[in-house]
């Protein structure tokens, strides 16, 4: 049952501005998620995500270059690299040019991709929290919780921007894992791809985001934290294992 004291505090607590919500996500996340019960907006994290994503994309373009990004990605899959090396020089040049352009477009469109992924993830959590665990949230509230919880991921990409301008070696840069906040970053290139994929998710900021999402879902869905954790961490693990499976299949 909902806590009467908590319900009363939701009604009496002053509403927060978007700026206050963003700040509180880092220092007092319960305040942010409680305010989502009042209004499920997410303009603050959306704007920050767009600015950081564009800054990161521009930094990669200036300090690494899309051709080098393609080459570094190719080195991660020896079988693909062997096929590429066997192709005629003209075909290699065409493949590199097309791949570099596609990579640039996808990277600059990163906010759209994240919004789509967030919507899918939020939908799965909303269905699980409401219809399996008896929650009472709206989809928009769960989506807003995810958007604010993802704010911490922007710190990771800000660190990547700093590293790029500080002089990180272009030859060692990987677009999908740009900064050493996870175990996968430090594994040898000879490590199995499934293991690298798995360890990439053992990431300081990704785990922080998952824990924030768990707290937010417990608040807006009015379920216990154990049930919220089962919904959030359960689906997160499924997504991680699917990624690991793809990595194993493509190695």
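Okay, here's what the table says:
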quantity: Extended-chain gain in nm, criterion 0.36 nm per residue less alpha-carbon gap, residue 67 and residue 171; calculated: 36.3 nm
quantity: Translational D in µm²/s for the chain (Stokes-Einstein at 20 °C, 1.002 mPa s, Kirkwood Rh from C-alpha pairs); calculated: 108 µm²/s
quantity: Residues 84, 33, 173 arranged by fewest to most Cβ contacts within 10 Å; calculated: 84, 173, 33
quantity: For the chain, built as a Gaussian network whose Cα springs stay under 10 Å, the top-fluctuating residue of 221, 13, 160; calculated: 13
quantity: The stretch 19-79 - Rg over Rh from alpha carbon coordinates, Kirkwood radius; calculated: 1.27
quantity: Spatial separation of Cα centroids for the stretch 154-208 and the stretch 15-34, in angstrom; calculated: 28 Å
quantity: Gain on full stretching of the segment that runs from residue 92 to residue 162 - 0.36 nm per residue minus C-alpha separation; calculated: 22.0 nm
quantity: Neighbour-count ranking [beta-carbon atoms within 10 angstrom, fewest first] of 58, 186; calculated: 186, 58
quantity: Potential extension, residue 85-residue 242 segment - 0.36 nm per residue separation minus Cα distance; calculated: 53.5 nm
quantity: Crossing angle, helix 204-221 versus the chain [Cα axis fit, 0-90 degrees, rounded to tens]; calculated: 30 degrees
quantity: The chain - mean residue ellipticity at 222 nm from DSSP helices (-39,500 (n - 2.57) per run, n ≥ 4, rounded to 500); calculated: -23500 deg cm²/dmol
quantity: Length-normalised contact order of the chain in % [C-alpha pairs under 8 Å, at least 6 apart]; calculated: 24 percent
quantity: Convex hull of Cα atoms in the stretch 89-173, direction-averaged projection (nm²); calculated: 8.3 nm²
quantity: Burial ordering of 219, 132, fewest other beta-carbon atoms within 10 Å first; calculated: 132, 219
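We did not get these values from a lab; they are worked out from the coordinates using the rules stated. This is a predicted model, so every value here is computed, not measured. All Cβ positions, even for glycine, are placed from backbone atoms using ideal geometry, and neighbour counts span all protein chains on display.
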